[in-house]
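Take a look at the structure set out below.
Derivation of every value follows stated rules applied to the coordinates shown; laboratory data play no part. Please read these numbers as outputs of a predicted model, since none were measured by experiment. Here Cβ is always computed from backbone atoms with ideal geometry, including for glycine, and neighbour counts include all displayed protein chains.
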Amino acid sequence: MPITVRRLAVLGLLLVTVLGWGAAVPSFAQAPPPVVRIALLPQWVIQQHRSLPALAEAIEGGVVDRTVFAWQRGVIQRQALVSKPIRVVPDPAPLGGRGRFDLTVRPSTGRAAWTEIEVHQSAPSADDVLLLEIGGERNTITQVLETLLIAEPGRPLAEIPLARTALVAGAGVPVVASTFDVPLAPALAQRFRQEAGLDLLVVRPPLWDVRNGDQTSSGRADTVPFGGGDWREGDRVFLRIPASKLGQGVPGIVLGWKDRTLQNDPNAEFPRRSSLPLPVIR
């Protein structure tokens, strides 16, 4: 039976519908979740490279599964990478956080030293603010943050100074003292320092110590004169990121960690450069 004009119109309508559906399918694909990159390194690896360009090269593509000697530049032995807990602060409001987030943390497995933190936002809102806590475990090694660097796309790796507690506050990311097992005071929400669109704060146990008071096989370390369990309490790095910044891309953060050691002879005279007990913020 000959194909009528009406049948041709029906076939054409079906064809347009099928083609239109096929073209619309890709529009349903979701954008990949934002990723925060953090390189967790022992301080001696940073000192080994002697220059930030060499360190940047090693972070981006120099991780190897073999022995690396102290004189080698541009490479990092995978076993040297530091492992730290990374979590969302459960009650972020007192410190300026907002919204609900979940994380997927992927430690480095390739040539780059970056730990990738994939951020999933529940009920997204443009006003949400992610609050991350890095570190804060009890250990005998890599408890003290010594170096903080920012890796912005298209710019050289840059060191951000740490403003340790002192009579005269210095410029940089504040290092404040707070007891290990208690919630942080809401007043600390105002102490965060903004760098490259990120808000940063370092919280350290209130220990009487000597900065770089000991030389160990892992490099320079702080020394404490007493043997309580608190000398094993690690620093905590708090990172506050607005949801709008997550969508635009977050610069990489490099954290260099060193040890804290116990003074061998508690009766020995403490060096003059020892610091006084840090004031505790409650």
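Tell me, in nm to one decimal, what length is gained between R100 and E159 on full extension, where the rule is 0.36 nm per residue of separation less the Cα-Cα distance? Please list the in-between numbers first.
Details: separation 59, 0.36 × 59 = 21.24 nm, distance 3.09 nm.
So the extension gain works out to 18.2 nm.
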Counting other C-beta atoms within 10 Å, which of E60, E118 has the fewest, and how do the rest follow? E118, E60
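What ranking of D91, D259 emerges when the number of other C-beta atoms within 10 Å of each C-beta is taken as an exposure proxy, fewest first? Walk me through the numbers before you get to the answer.
Details: D91 10, D259 23.
Going from least to most buried by this count: D91, D259.
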Can you give the log10 of the normalised intensity I(q)/I(0) at q = 0.12 Å⁻¹, computed with Debye over equal Cα scatterers of segment 30-262? -0.67
Using alpha carbons only, how many angstrom separate the centre of segment 105-157 from the centre of segment 181-249? 13 Å
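Quick check for me: using +1 on Lys/Arg Cβ and -1 on Asp/Glu Cβ, what's the dipole size of segment 41-90 about its Cα centre, in debye to the nearest 20?
Taking the Cα centre of segment 41-90 as origin, the dipole is about 140 debye.
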Could you put W44, W71, W257, W208 in order, starting from the residue whose Cβ has the fewest other Cβ atoms within 10 Å? W71, W208, W44, W257
